[in-house]
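For reference, the structure is listed below as structure tokens.
Read-outs: derived from the displayed coordinates by stated rules, not from any lab. This one's a predicted model, so the numbers in the text were calculated from it and none came from an experiment. Every residue, glycine among them, receives a Cβ derived from its backbone with ideal geometry; neighbour counts consider all protein chains shown.
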Amino acid sequence: MKRKTFNILLIIFCFGLIFAFYNFSTTNAQTVQTPNRTGNTTPTPTPQKINFPAAKPAPTVSPTPYVDDPNEIIRIETEEVNLNVRVIDRNNRPINNLRQQEFKVYEDNVLQPITAFSKAEVPTNYSLVLDNSGSLRNQIDKVIEASKIIVATNKPEDETSVIRFVSSDKIEIVQDFTPTKTDLNDALESLYVEGGQTAIIDAVYLAAQKVDEYEKSRNPNDKKRRALILVSDGEDRDSFYKEPQLFELLRESEVQIFTVGFVTDLSKEGGFISKSPQGKAKAFLQRLATETGGKSYFPSSINELNTIALDIASELRTQYLVSYAPTNEKKDGSLRNIKVIVDEGPNKQKRIAITRTGRSAVSDKPGTPTLQKANPSIKSQ
């Protein structure tokens, strides 16, 4: 019985050894990899901490030192104001033999540096702006004759245009700017009177714009004077533009205006407060001339027109061109008053300088937005 029990325990012990050996073999098999194609075993990768090298500071580039180039041309854009100045004595006689040092230019009472001065005869671009309304029916032939006298004095480099006007919808360029006197005379011969509500302000406004635009389209180094010669009775009846708009435009331009006013047929009767039609027309024409540095004429007879025409032609060509660089460089759209003073002559001779009375400091702000026409050659990418 004891021997039988011993044998059973021995068998159980052997089975235990076999079972323990089997588990040990299985555990080792899980850590051994299948050999690769070369017959070598690849160890299982284990995560490791990687110590990256410290980042190097970004390279710095030393600025190249600036070296003055003696041949470099430095351009500094500066504003320049051009003044056409007539100088007369107390008897309204022109004085044409003055030097630059005898002139002083003031803007808002501040002395300005004169940058250019010329007393040479400068070519002129001017427009004849002629009233063709019924109020000039009796004067139209003499107006045409006087205009031809002015054209006859043109120099080869002068250019003239002819503009006729009646009402706002009848302001026409009969002849655009040209130096050809035959074309100008033909245009003057084609003028005729017709009915309508006279629009003088509109005619002067558009004519001033036209002469300015034409001058700007030319070579900027080829300076020419700009002028309008207005012939009318001075009574505006139905303009789109108002006087303040017109004078604002004129302050921004360099256009001189010479006016010939047939005001004698207008009524001298005024209201309790308002001026008479004649007084109002005369004041308007005088203001046009005064504020632009021009001259106004009021003939009492059409027979005076030929003499006036010769005087205008002389006035256009016996002027000084004075330029200055404004010390106030702000472009804020404000009005700047201009005054030119000329030294007294021998024996305290009084010399009177006549030029435009002011200018507008054009603002840097963009103007009124306009609808632009698209360029078909530019396509979206």
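A cut-off of 5 Å between modelled amide H atoms, ignoring neighbours fewer than 5 places along the same chain, links Glu159 with Thr124, Asn125, Tyr126. Within the stretch 213-362, DSSP assigns beta bridges of which about 30% are antiparallel (rounded to the nearest 5).
For the stretch 123-318, what is the relative contact order in percent, using Cα pairs closer than 8 Å and at least 6 residues apart in sequence? Please list the in-between numbers first.
Numbers: 374 pairs, mean separation 47.0, N = 196.
Relative contact order of the stretch 123-318: 24 percent.
For the stretch 249-258, putting each phi into the Karplus relation 6.51 cos²θ - 1.76 cosθ + 1.60 with θ = phi - 60° gives couplings of 4, 5, 5, 8, 10, 10, 8, 8, 10, 10 Hz, in residue order, rounded to whole numbers and with x for Gly and Pro. Applying the criteria of a DSSP loop state and at most 12 other Cβ atoms within 10 Å to the GluC sites (Glu not before Pro) of the stretch 122-201 yields Glu194. Give the calculated FRET efficiency between Lys330 and Thr115 to the nearest 0.05, with a Förster radius of 22 Å applied to their Cβ-Cβ distance. The calculated FRET efficiency here is 0.75. Taking 13 Å as the straight-line reach from the Cα of Lys242, the aspartates and glutamates in range (excluding those fewer than 8 positions away in the same chain) are Asp202.
At an R0 of 22 angstrom, the distance between the Cβ atoms of Arg137 and Asn306 translates into a FRET efficiency of 0.65. Ranked by the mean number of other Cβ atoms within 10 Å of their residues, highest first, the peptides 234-243, 321-330 fall in the order 234-243, 321-330. Computed 3J(HN,Hα) for the stretch 279-291, one whole-Hz value per residue from the Karplus formula 6.51 cos²θ - 1.76 cosθ + 1.60 where θ = phi - 60°, is x, 5, 5, 5, 5, 5, 5, 5, 5, 4, 6, 5, 6, glycine and proline marked x.
Contour minus end-to-end for Arg90 and Lys216, with contour as 0.36 nm per residue of separation and end-to-end as the Cα-Cα distance? Walk me through the numbers before you get to the answer.
Numbers: separation 126, 0.36 × 126 = 45.36 nm, distance 3.62 nm.
Taking 0.36 nm per residue and subtracting the Cα distance, the gain is 41.7 nm.
Note that the stretch 321-334 has calculated 3J(HN,Hα) couplings of 9, 10, 10, 9, 9, x, 6, 8, 8, 5, 10, 10, x, 7 Hz, one per residue in order, obtained from phi through the Karplus relation 6.51 cos²θ - 1.76 cosθ + 1.60 (θ = phi - 60°); glycine and proline are x. Legend: distances between Cα atoms for Lys181/Lys216; Lys104/Lys295; Lys268/Lys348; Lys155/Lys330; Lys142/Lys268; pairs beyond 29 Å are Lys268/Lys348; Lys155/Lys330. Summarising the amide proton neighbourhood of Gly196: residues at separation of 5 or more, or on other chains, whose placed amide H is nearer than 5 Å comprise Gly134. Summarising the amide proton neighbourhood of Leu228: residues at separation of 5 or more, or on other chains, whose placed amide H is nearer than 5 Å comprise Ser127, Gln256, Ile257, Phe258.
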